[in-house]
Amino acid sequence: MNTMKMIGFVVRRMGMACLLLVGIFLVSCSSAPEPQPEPSKNEIRKDADRFFEKIEKEEKQSQYPE
């Protein structure tokens, strides 16, 4: 009976060790996201133009004229 308890203890410890190793493996193998390239001045200008066009359109549709 004492031998069975010892075997059960060893099996539980081995299971926990395997889970720990798998967890460490998954965390260490995950890759960090690649950094996005800086937008060019032309892209920034286009975004700003679209934003201001949208604002002007919303101002024209506004129910509160100035």
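None of the figures in this text is laboratory data; all of them are computed from the coordinates on show. It should be emphasised that the depicted structure is a prediction, and the values quoted were computed from it without experimental measurement. With ideal geometry, Cβ positions are generated from the backbone for all residues, glycine too; neighbour counts draw on all protein chains shown.
Every residue, every condition in (1) exposed (fewer than 10 other Cβ atoms within 10 Å of the Cβ); (2) among the basic types (K, R), yes or no:
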{"site": "K5", "(1), (2)": "yes, yes"}
{"site": "A17", "(1), (2)": "no, no"}
{"site": "L21", "(1), (2)": "no, no"}
{"site": "F25", "(1), (2)": "no, no"}
{"site": "S28", "(1), (2)": "yes, no"}
{"site": "A32", "(1), (2)": "yes, no"}
{"site": "Q36", "(1), (2)": "yes, no"}
{"site": "K41", "(1), (2)": "yes, yes"}
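The criterion of being loosely packed, with under 10 Cβ neighbours inside 10 Å and free of Cβ contacts under 8 Å to residues at least 12 places away in the same chain holds for E58. Total residues in the stretch 2-55 satisfying the condition of being part of a loop (DSSP other than H, G, I, E, B) and either of a type in the set (G, A, S) or on the phi > 0 side of the Ramachandran plot (or both): the figure is 4.
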